[in-house]
Structures are given as structure tokens and as C-alpha cells.
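Scroll down for the structure; my scribbles are underneath it.
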Amino acid sequence: MKFFRIRDLVAKLAFGNACLTAGFCCFCVSALAEEAPKLLPLMSAAPKALRAEKKALVALPNYDEITATRLQIFLDNNDFGPGKIDGEMGEFFRKALLAYKRAHLMPLRGTVDQWLLDQVPETFTNYTIPPEADNFVGPTASKPSEQAKLKALKYGSLLEFVAERFHSAEDYLRKLNRPMNLDELKPGDTVQVPNVVPFKIEDLHEGFVQPNPAFANRIVYVDTKERFLLIYENNQLVAEFPITPGSTKLPAPIGVWKIVGIAVLPVFRHDEGILNYGIKSDTAFILPAGPNNPVGILWMALSKPHVGIHGTNQPETIGRAASHGCIRTANWDAARVKELVTVGNIVSIF
């Protein structure tokens, strides 16, 4: 059995000028489930609406880049995550567009609905990098032993900061801003970005998310084949985000679980002994909080021991590179998921 975990967040969570001492659940994944999933007395499968939507195949044309970007922005702003904004007709964009149409009883057709485009009258906007952006950029390291010595796992550059803020691929930003050299960005520079609701890391505060009674009846579905996390309320799909759900070797645990805790800006316990051999070692490294932490800006623990939903330090790999058994999503989507669910919600992984 191979697994790794975040054990008890007893270290100080340092990010920016804030810190927090906290205790939380551990994070790990196992190649084989240690016990059969205990199905809770609620839905053990996806609702009919979710199962039905896979039966209909809809051919979408290749929209031009501006149209694709506007639709990606529309979907993103309405919590139907299309993946990173890049103006391309990617898999997650296509799936999110059809999911939005099904959820809102719109005709499933390949033609562009003008109403959707009308919600994004301006495809791009200008963003001037403020002086405080430098607070979220700092030294980086690739080895856990070196990462553990840092005060925070911040962005490695202002380009990375801007790309994540506007849910975009770095290469797309380079394309939009030619001939400007985005590798030399500095506070005061103005760049063109997609006109999406920005992910503001400065609004995040280290700590635990309090229960929200208004969302008590919501159910989270994790579709490991389509690679989407879906949030339902009263059998109505209200949000959908692309994910990486484990891997063939270390799959996400099929079953019905509950959200038992949500931590913002968590630390990460990196233990090579657990990761490689399933045996706890004495040489683990506690990696500090920050957007480049291995679990990103969020850890959402499930009732299945050591398994959770979390962010990532590599948003470009969502849905493509395998994860270690948990449910991984882009930081900008993780930030929204925590605002759409609450502790106690059912999570059905199938």
C-alpha cells in the first residue's frame, strides 16, 4: 500500500503576514481501500439528471478564439468551470457548455446562443499589477527539503500570479500581450487579461470554514470517468468543476462519504516513507502554506480517512496528469467550491 498524508496541522500556517496554529485531519491515499465503503442512507448513485445527460451526444463546432473565450468566461463566471481560459475548444470547455445548457433546460445544439455571449460584452480587460502583488511572490524550490525551509510556498513570478488570478493559461496571456515580455512583469505594469471574475488570493484567510446551514441539503458528486465535480441541490445541478480524481494505481475511493472539515491555506506533511512504502518515517517535511503548496489553497477532508478534495500547485495538469487518489482541482475552482458546500454535505464518488 502506498500513501502519503497531511498529519495534524500543528505547525504554524504562514502566508503573507498572517499565521495560524491549527489541528486538522490527515491527508493520504491508499492503492487499495482498507475497508468496503459504507454507503450512507442517501443517494449512492448520481441523480437521474446526471445519468441521463451522458446518453445524448451533441456535436459542437470549432468556435473562433474570441467566441470560445467569451463562452469560457461566461461558464466560469457561472460556476460551470471550463478549465483554464485559453480560447480553445478543449474537452472541459465542451463538457461544461453542454452541462450548463442541460441544467438550464436549453436546447442542446452546436450553434452559439447569443444570450450567453451577451453576458460577456467585453472579452478582455486591462489589469494593472498593484504593489501588494509582490507580497504573494517569492522564492521557490522543487525539493521538499528545500520547500520546508521557506516561510510560504508563494507564486514563483508575477506572471504566475496574474495567470491564476484570471484563471488563464500562461501561454494565452503571452499571446494576448505580444510583444510584451511577461517574464519581466513588475508592479505598475498593465496587462490584458480575460474579463473573468478574478481569483483574489488576498481575500483568503488561514483557518477553518464554518458550517453554512443554507447549503445543508447540497450533494457533491465526483464523476471519476468524466473528471468533474458536480454540486446538486434538490436534484438541480448548480455548479460543475473539472478535476483530477486519483489515478489507475491510486484511484479515488468509490462510495458515499461526507465532508468533515474544510481548511483554507493548509500545510502539507511530505513523508517519503509513507509515499513510497506505506511506512511512516522520521524524516517528513512540513511544507508551508501558499498557492504552490502541493494541496494548493484548500483541503476539504472527507469521512473516508485520509481522503479529500483540494487545490493544486499545477493547474495546467487538472484532468490530465494523475493525482494520488484524492480529488484535485485548480486553486481558483477550489476557492469557489468552499463557498458552495458545507461541512456535513454528502460526497458521492462514482
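Any residue that is in a loop (DSSP other than H, G, I, E, B) and touching a His at 6+ places or on another chain (Cβ under 8 Å) - is there at least one of those in segment 215-230? Looking for residues that are in a loop (DSSP other than H, G, I, E, B) and touching a His at 6+ places or on another chain (Cβ under 8 Å), one finds none in segment 215-230, hence no. Considering segment 54-140, the qualifying helices (runs of 4 or more DSSP H), each wholly inside and each with 2 or more residues that are touching a residue at least 40 places away in the same chain (Cβ under 8 Å) and within 26 Å of residue 244 (Cα to Cα), run over 65-77, 91-103. Whenever a residue of segment 275-287 is at pLDDT 75 or above, its partners that are of a type in the set (S, T, N, Q), lying with C-beta atoms within less than 8 angstrom and at least six residues away or across chains, give the pairs 285/145; 285/147; 287/147; 287/293.
Of 266, 253, all but one fail to be modelled with pLDDT of 95 or more and in a loop (DSSP other than H, G, I, E, B); the exception is 266.
Which residues, taken from segment 110-142, are among the aliphatic types (A, V, I, L, M) and within 12 Å of residue 158 (Cα to Cα)? Residues satisfying the conditions are 129, 133, 137.
Among the residues making up segment 122-173, those that are more than 25 Å from residue 268 (Cα to Cα) and either among the aromatic types (Phe, Trp, Tyr) or crowded, with 16+ Cβ neighbours inside 10 Å (or both) are 123, 124, 127, 129, 166, 168, 169, 170, 172, 173. Scanning segment 185-199 for any residue that is out of contact with any helix residue (DSSP H, G or I) (no Cβ under 9 Å at 6 or more places or on another chain), surrounded by fewer than 15 Cβ atoms within 10 Å (Cβ to Cβ), assigned to a strand (DSSP E or B) and not charged (D, E, K, R) turns up at least one such residue.
If you go through segment 202-222 one residue at a time, do you hit one that is closer than 12 Å to residue 336 by Cα and crowded, with 20+ Cβ neighbours inside 10 Å? For segment 202-222, residues closer than 12 Å to residue 336 by Cα and crowded, with 20+ Cβ neighbours inside 10 Å: present.
Restricting segment 235-267 to residues that are polar (S, T, N, Q) and in contact with a Ser or Thr (Cβ under 8 Å, 6 or more places away or on another chain) leaves a set whose member that is surrounded by the most Cβ atoms within 10 Å (Cβ to Cβ) is 244. Of all residues in segment 171-197, exactly one satisfies the criterion of being without any contact (Cβ under 8 Å) to a residue 40 or more places away in the chain and either closer than 29 Å to residue 327 by Cβ or of a type in the set (Phe, Trp, Tyr) (or both), namely 173.
The values are calculated or read from the model by the stated rules, or taken from the named source; none is laboratory data. In this text the structure is predicted, and so the values were computed from the model without any measurement. Every residue, glycine as well, gets a Cβ built from its backbone with ideal geometry; the counts of neighbours run over all protein chains shown.
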